[in-house]
Amino acid sequence: MSGAMVAQACAAAGMKVILIEGGRIGDGGSGRATGLFSSEAVESYRELEARTGARAARALFELSEHAPSDLAAAVKRLGIKAGLVVRDAARVLPVGGPDKVLLRELADRKQAGLEAGWMSPAMVQRQTALASAGAIKLPDWGFVDPYRLTLGFLSAAIKKGVKVYERSRITKIKFNRKTATAFLDGGAITTENLIICIGEPTGLFKPLQRHLKQEERYAVLTEPLPAAVREELGQQTLLLTDTVSPPHQLWFTADHRALFVGADQQRPASRLRDHTLVQRTGQLMYELTRLYPAISGAVPAYGWDVPLAHPVDGVLYAGAHRNFPHQLFAFGTSHDPARAFLASRIILRAIQGKSDKRDVHFSFARNL
């Protein structure tokens with residue numbers, strides 16, 4: 001996803017671009033992603049500020065806040081048909097939960113000039129039919145078909161002259177003071193800008209693997225819910241998330257299905273993957289029916305896992321690393337389309353020599 005976005009952005013800026021894919025485009029995490037996106041750098045601004053300081057935390061959130069609307073504008077401009085919808089989200093606190101923690105989070109965001117608002121328990125009840133202790137309302141979250149989005153940006157890139165080579169595995173990378181060279185089974189490509197947009201660091205980038213942790217996210221999608229059930233679910237216009245760690249996300253699709261996502265955990269061994277998938281998606285359906293008893297008995301049409309290389313500190317990586325000259329990286333987007341789009345624009349600015357002063361906070365330099 002991020003690779004197609006980078007290719008389109010660079011080609012539109014007049015650069016000569018070759019896109020290399022080791023397998024088939026969209027066959028990995030980009031095609032299996034949930035399509036849900038947010039306008040947050042991480043779930044807690046308060047915790048991020050405590051780790052990085054106010055200036056860095058504010059910069060990370062400011063750029064992340066604009067990413068969904070920038071993505072939506074690009075999708076509209078390029079005519080990509082991927083069902084993109086931008087909506088408000090609500091981070092709902094269950095009854096009896098520590099509302100002071102959530103209120104302090106809201107106060108800190110407002111003090112930093114970030115967009116957020118408070119929803120009283122009555123407001124949450126009216127809009128979501130959920131009993132709660134309140135919620136933070138967050139703007140510009142949403143949903144998009146991730147596979148169609150990826151192919152849409154790829155098509156736009158090809159129209160700008162990008163050459164695409166699938167099933168072309170890079171086996172080695174060398175660099176000197178002026179260029180980097182990527183070696184493939186059938187040849188080599190030398191360039192001043194080698195951009196690595198992959199789900200997680202491969203064996204070619206072993207020193208970078210420590211910055212990310214391998215996890216698995218799980219998702220269930222129900223059959224279309226009957227009208228009688230939908231009447232008991234509130235207005236269904238908000239993307240819902242919660243305060244647990246890792247968080248869940250709930251989205252009601254245009255064709256009246258419930259998409260429920262979460263249950264992130266350390267990636268299981270290959271031999272346990274099928275068993276774990278059944279167990280975790282079953283747990284998700286149980287938790288969904290606890291939220292909305294009216295959904296009890298609904299049949300999950302699909303259940304799947306999404307491979308994640310999640311940054312240790314939660315913030316995506318986009319930019320250079322001092323030990324890999326002439327190479328730029330987009331790692332740790334967690335298959336969030338808005339984060340992938342933000343990474344592509346940070347990389348474009350870096351190549352053009354027009355970096356925003358806030359971009360450095362997304363680079364590997366923040367860990368040096």
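With the condition kept exactly as written, say whether any residue in segment 266-284 is under 30 Å from L204 (Cα atoms) and in contact with a Phe, Trp or Tyr (Cβ under 9 Å, 6 or more places away or on another chain).
yes
Limited to segment 74-115, what total is found for residues that are touching a residue at least 60 places away in the same chain (Cβ under 8 Å) and assigned to a strand (DSSP E or B)?
8
Suppose we filter segment 60-73 for residues that are hydroxyl-bearing (S, T, Y) and either surrounded by 16 or more Cβ atoms within 10 Å (Cβ to Cβ) or not in a helix (DSSP H, G or I) (or both); how many remain?
1
Does R345 satisfy the criteria of being over 22 Å from T241 (Cβ atoms) and assigned to a helix (DSSP H, G or I)?
yes
Does segment 41-59 hold any residues that are among the small types (G, A, S) and assigned to a helix (DSSP H, G or I), and which are they?
A50, A54, A56, A57, A59
Quickly run through segment 268-283 and pick out the residues that are closer than 19 Å to H310 by Cα, among the charged types (D, E, K, R) and surrounded by fewer than 16 Cβ atoms within 10 Å (Cβ to Cβ).
R273
If I filter segment 23-39 for residues that are in contact with a strand residue (DSSP E or B) (Cβ under 8 Å, 6 or more places away or on another chain), touching a residue at least 12 places away in the same chain (Cβ under 8 Å) and in a helix (DSSP H, G or I), do I get at least one hit?
yes
Could you say whether any residue in segment 337-347 is buried (at least 21 other Cβ atoms within 10 Å of the Cβ), of a type in the set (D, E, K, R) and out of contact with any Leu (no Cβ under 8 Å at 6 or more places or on another chain)?
Yes, segment 337-347 has at least one match.
Has segment 294-307 got any residue that is hydroxyl-bearing (S, T, Y) and within 23 Å of the chain's Cα centre (by Cα)?
Checked against the condition, which is being hydroxyl-bearing (S, T, Y) and within 23 Å of the chain's Cα centre (by Cα), segment 294-307 yields at least one hit.
Among the candidates R345, R280, R349, which residue alone is touching a residue at least 40 places away in the same chain (Cβ under 8 Å), within 26 Å of E49 (Cβ to Cβ) and among the basic types (K, R)?
R345
Rundown of residues vs (1) surrounded by 15 or more Cβ atoms within 10 Å (Cβ to Cβ); (2) closer than 27 Å to P146 by Cα; (3) touching a Leu at 6+ places or on another chain (Cβ under 9 Å), yes/no style:
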{"site": "A50", "(1), (2), (3)": "no, no, no"}
{"site": "L84", "(1), (2), (3)": "yes, yes, yes"}
{"site": "V92", "(1), (2), (3)": "yes, yes, yes"}
{"site": "P98", "(1), (2), (3)": "no, no, no"}
{"site": "E115", "(1), (2), (3)": "no, yes, yes"}
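Yes or no: segment 247-266 includes at least one residue that is surrounded by fewer than 15 Cβ atoms within 10 Å (Cβ to Cβ), acidic (D, E) and either under 18 Å from the mean Cα position of the chain (by Cα) or within 21 Å of A33 (Cβ to Cβ) (or both).
Yes; the residues of segment 247-266 include at least one that is surrounded by fewer than 15 Cβ atoms within 10 Å (Cβ to Cβ), acidic (D, E) and either under 18 Å from the mean Cα position of the chain (by Cα) or within 21 Å of A33 (Cβ to Cβ) (or both).
Can you report the number of residues in segment 179-188 which are within 24 Å of L348 (Cβ to Cβ) and modelled with pLDDT under 95?
The number of residues fulfilling the criteria is 0.
Going residue by residue through segment 67-76, is there one that turns out to be over 18 Å from the mean Cα position of the chain (by Cα) and farther than 20 Å from R358 by Cβ?
yes
In segment 295-341, what residues are acidic (D, E), touching a strand residue (DSSP E or B) at 6+ places or on another chain (Cβ under 9 Å) and in a loop (DSSP other than H, G, I, E, B)?
D336 - this is the single residue of segment 295-341 that is acidic (D, E), touching a strand residue (DSSP E or B) at 6+ places or on another chain (Cβ under 9 Å) and in a loop (DSSP other than H, G, I, E, B).
Within segment 285-317, restricting attention to residues that are closer than 28 Å to A56 by Cβ and touching a Leu at 6+ places or on another chain (Cβ under 7 Å), which residue is surrounded by the most Cβ atoms within 10 Å (Cβ to Cβ)?
Of everything passing the filter in segment 285-317, A309 is surrounded by the most Cβ atoms within 10 Å (Cβ to Cβ).
The values are calculated or read from the model by the stated rules, or taken from the named source; none is laboratory data. Only a predicted model underlies this, so the values are computations on that prediction, with no experimental measurement involved. Cβ sites come from the backbone with ideal geometry, for glycine too, and all protein chains shown count toward neighbours.
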